[in-house]
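Here's the structure we're looking at; comments come further down.
The values are calculated or read from the model by the stated rules, or taken from the named source; none is laboratory data. Since the model is a prediction, treat every value here as computed from it, not as a measurement. Don't worry about glycine lacking a Cβ; one is built from the backbone with ideal geometry, like all the others, and counts go over all protein chains shown.
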Amino acid sequence: MAKIDAFFKLMNDQGASDLHLVAGQQPALRIRGEIERIKYKPLDNDELRSMVYEIAPEEKIKLFEETGDVDFGYEIPGLARYRSNFFMQRNGVGAVFRQIPNNIMGCDQLGLPPVISKLASLPRGLVIITGPTGSGKSTTLAAIIDEANRVRKDHIITVEDPIEFVHESHGCIVNQREIGVHTKNFSSALRGALREDPDVILVGEMRDLETMSLAIEAASTGHLVFATLHTSSAMKTVDRMVEVFPAEQQAQVRSGLADSIRAVIAQVLFKRIDRKGRCPALEILIATPAVRNLIREGKTHQLPSSMQTGKKYGMILLDDAIMDLYNKGWISAEDCYNKANDKQKFRPLLKDAPADFTEA
């Protein structure tokens, strides 16, 4: 057993999502969204380097020493998998580990709206899951892929950095590829995937123009593509997908995106106040003909209006989803205010509304 495994066991016992190990500081856990120190001595740089190198593959250690950053997956059989990141900082080595549960929770278990599980059965198109880091995008995607794996008889290819949730083949053949281990980068993996007879492709993150272009192409040529972005709303997701391209290509990209897109899910995670745990608020955009027209014509500022009138399709604005959670008594007014897009909507809920310098 590796020395660091004791921290992972503590992490599991405490129900933590992340473990932080930093030279010169006490170890810390993120529990229900908040950092809590572990009663342990500050870590010495050489001790920490030895500890993390014990679990890292040789090629990852070499890459870390060359670049100062590296990502990889680590697994303790019977406990969990971990998305691991090593980085150099002012006092030496730093490392953060995100726990990936062994058991994949279904859409119902996660409390996701019924329309989310239906996305797994789409014949083709592009579905984008978006939200800030730590908002549960990977968990939602894993639930959708698991649903597809059980209800379809197809070929699923995932491209991740690193592999997080492990999917065993059920109704589908599932092949999972890791950046830096099984393939060079997302764009080369996507180009290869188009020659590997896929039906469903998961792109862990659309980081650059080429990957976005290939994802749109794959969705336009009869594949169902799931991908993630770091944006805060459905409207901003569409804008980001277009604006990353040169100005002379944007009209063509907008048209291709309008044809291929099926849904955009923007997700935010909240700490529950009624019991232990967290819950997601989801903004859902479904690509109806009206939505496609707005994207094609560059009128994305009108998307929120289409979402308000498209509730029968499962569409909902993020602030409405947040208000629903508040009305159930699951989340606090302060959390609502801090994470809402339209903060003015939630100011009346606060006993002592702060001066909002962001709107000055």
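For segment 148-165, what are the residues that are surrounded by 15 or more Cβ atoms within 10 Å (Cβ to Cβ) and of a type in the set (A, V, I, L, M)?
Ala148, Ile156, Ile157, Val159, Ile163
Please indicate, with yes or no, whether at least one residue in segment 155-171 is in contact with a Cys (Cβ under 7 Å, 6 or more places away or on another chain) and either at pLDDT 95 or above or among the aromatic types (Phe, Trp, Tyr) (or both). So that I can check it myself, show each step before the final result.
Filtering segment 155-171 down to residues in contact with a Cys (Cβ under 7 Å, 6 or more places away or on another chain) leaves 155-156.
From what's left, either at pLDDT 95 or above or among the aromatic types (Phe, Trp, Tyr) (or both): 155-156.
Looking through segment 155-171, at least one residue is in contact with a Cys (Cβ under 7 Å, 6 or more places away or on another chain) and either at pLDDT 95 or above or among the aromatic types (Phe, Trp, Tyr) (or both).
Among Ile144, Ile128, Ile100, Ile116, which is closer than 22 Å to Ser17 by Cβ, touching a residue at least 60 places away in the same chain (Cβ under 8 Å) and part of a strand (DSSP E or B)?
Ile100 is the lone residue from the list that is closer than 22 Å to Ser17 by Cβ, touching a residue at least 60 places away in the same chain (Cβ under 8 Å) and part of a strand (DSSP E or B).
Per-residue answers, yes or no, for (1) in the same structural domain as Arg150 (by TED's automatic domain parsing); (2) among the hydrophobic types (A, V, I, L, M, F, W, C); (3) touching a residue at least 40 places away in the same chain (Cβ under 8 Å):
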{"position": "Ala28", "(1), (2), (3)": "no, yes, no"}
{"position": "Met51", "(1), (2), (3)": "no, yes, yes"}
{"position": "Ile55", "(1), (2), (3)": "no, yes, yes"}
{"position": "Leu63", "(1), (2), (3)": "no, yes, yes"}
{"position": "Thr67", "(1), (2), (3)": "no, no, no"}
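Out of Asp69, Asp5, which single residue is under 22 Å from Ser138 (Cβ atoms) and among the acidic types (Asp, Glu)?
Working: Asp5 fails: under 22 Å from Ser138 (Cβ atoms).
Sole residue among the options that is under 22 Å from Ser138 (Cβ atoms) and among the acidic types (Asp, Glu): Asp69.
Quick check on my filter: what residues within segment 32-44 are surrounded by fewer than 14 Cβ atoms within 10 Å (Cβ to Cβ) and not in a loop (DSSP other than H, G, I, E, B)?
Matches in segment 32-44: Glu34, Ile35, Glu36, Arg37.
Which of the numbered conditions does Thr288 fail, given that it passes all the others? Conditions: (1) crowded, with 17+ Cβ neighbours inside 10 Å; (2) at pLDDT 95 or above.
Here Thr288 meets the rest and fails (1).
Sort through Leu29, Leu48, Leu10, Leu19 and tell me the only one that's touching a strand residue (DSSP E or B) at 6+ places or on another chain (Cβ under 7 Å) and not in a strand (DSSP E or B). Walk me through how you get there before you give the answer.
On the way: Leu29 fails: not in a strand (DSSP E or B); Leu10 fails: touching a strand residue (DSSP E or B) at 6+ places or on another chain (Cβ under 7 Å); Leu19 fails: not in a strand (DSSP E or B).
After applying the criteria, what remains is Leu48.
Quick one: which helices (runs of 4 or more DSSP H) sit completely within segment 178-279 and have at least 1 residues that are at pLDDT 95 or above and surrounded by 16 or more Cβ atoms within 10 Å (Cβ to Cβ)?
By residue number, 209-220, 234-243, 250-260.
Please work out if Tyr74 is without any contact (Cβ under 8 Å) to a residue 12 or more places away in the chain and of a type outside the set (A, V, I, L, M).
Working: without any contact (Cβ under 8 Å) to a residue 12 or more places away in the chain: no; of a type outside the set (A, V, I, L, M): yes.
So Tyr74 does not fit the description; no.
So is Gly78 out of contact with any strand residue (DSSP E or B) (no Cβ under 9 Å at 6 or more places or on another chain) and of a type outside the set (S, T, N, Q) or not?
yes
One residue is enough: does segment 60-72 have a residue meeting the conditions surrounded by 15 or more Cβ atoms within 10 Å (Cβ to Cβ), assigned to a strand (DSSP E or B) and under 18 Å from the mean Cα position of the chain (by Cα)?
To start, the set of residues in segment 60-72 that are surrounded by 15 or more Cβ atoms within 10 Å (Cβ to Cβ) comprises 60-61, 63-64, 70-72.
This time we only want the ones that are assigned to a strand (DSSP E or B), so: 70-72.
After this cut, where a residue has to be under 18 Å from the mean Cα position of the chain (by Cα) as well, the list is 71-72.
The answer is yes, given that some residue of segment 60-72 is surrounded by 15 or more Cβ atoms within 10 Å (Cβ to Cβ), assigned to a strand (DSSP E or B) and under 18 Å from the mean Cα position of the chain (by Cα).
Name the one entry in Met307, Met235 that is within 24 Å of the chain's Cα centre (by Cα) and more than 25 Å from Leu209 (Cβ to Cβ). Explain how you work it out, then say what you get.
On the way: Met235 fails: more than 25 Å from Leu209 (Cβ to Cβ).
Matching residue, one of Met307, Met235: Met307.
Among the residues of segment 21-29, is there at least one that is surrounded by 16 or more Cβ atoms within 10 Å (Cβ to Cβ), among the β-branched types (Val, Ile, Thr) and closer than 30 Å to Ile316 by Cα?
The answer is no; no qualifying residue exists.
A quick yes/no check of all residues on (1) more than 22 Å from Lys345 (Cβ to Cβ); (2) out of contact with any Asp or Glu (no Cβ under 9 Å at 6 or more places or on another chain); (3) free of Cβ contacts under 8 Å to residues at least 12 places away in the same chain; (4) not charged (D, E, K, R):
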site	(1), (2), (3), (4)
Leu285	no, yes, no, yes
Pro289	yes, yes, yes, yes
Arg292	yes, no, no, no
Ser306	no, yes, no, yes
Thr309	no, yes, yes, yes
Gly314	no, yes, no, yes
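Give the residues of segment 105-129 that are of a type in the set (A, V, I, L, M, F, W, C) and closer than 29 Å to Met241 by Cα, sorted by residue number. Reasoning before the result, please.
Looking only at segment 105-129, we keep the residues that are of a type in the set (A, V, I, L, M, F, W, C), and these are 105, 107, 110, 112, 115-116, 119-120, 122, 126-129.
Within segment 105-129, Cys107, Leu110, Leu112, Val115, Ile116, Leu119, Ala120, Leu122, Leu126, Val127, Ile128, Ile129 meet the criteria.
Any residue in segment 86-99 that is under 26 Å from Ile286 (Cβ atoms) and either outside the structural domain of Cys172 (by TED's automatic domain parsing) or at pLDDT 90 or above (or both)?
Let us first name the residues in segment 86-99 that are under 26 Å from Ile286 (Cβ atoms), namely none.
Scanning segment 86-99, I find no residue that is under 26 Å from Ile286 (Cβ atoms) and either outside the structural domain of Cys172 (by TED's automatic domain parsing) or at pLDDT 90 or above (or both), so the answer is no.
Any residue that is more than 16 Å from the chain's Cα centre (by Cα), under 20 Å from Phe72 (Cα atoms), without any contact (Cβ under 8 Å) to a residue 12 or more places away in the chain and outside any loop (DSSP other than H, G, I, E, B) - is there at least one of those in segment 148-160?
Within segment 148-160 (the criterion being more than 16 Å from the chain's Cα centre (by Cα), under 20 Å from Phe72 (Cα atoms), without any contact (Cβ under 8 Å) to a residue 12 or more places away in the chain and outside any loop (DSSP other than H, G, I, E, B)), the answer is no, since none of the residues qualifies.
Against the condition in a strand (DSSP E or B), out of contact with any Cys (no Cβ under 6 Å at 6 or more places or on another chain) and closer than 26 Å to Lys137 by Cβ, how does Phe86 come out, does it pass?
On the way: in a strand (DSSP E or B): yes; out of contact with any Cys (no Cβ under 6 Å at 6 or more places or on another chain): yes; closer than 26 Å to Lys137 by Cβ: yes.
Yes: the conditions hold for Phe86.
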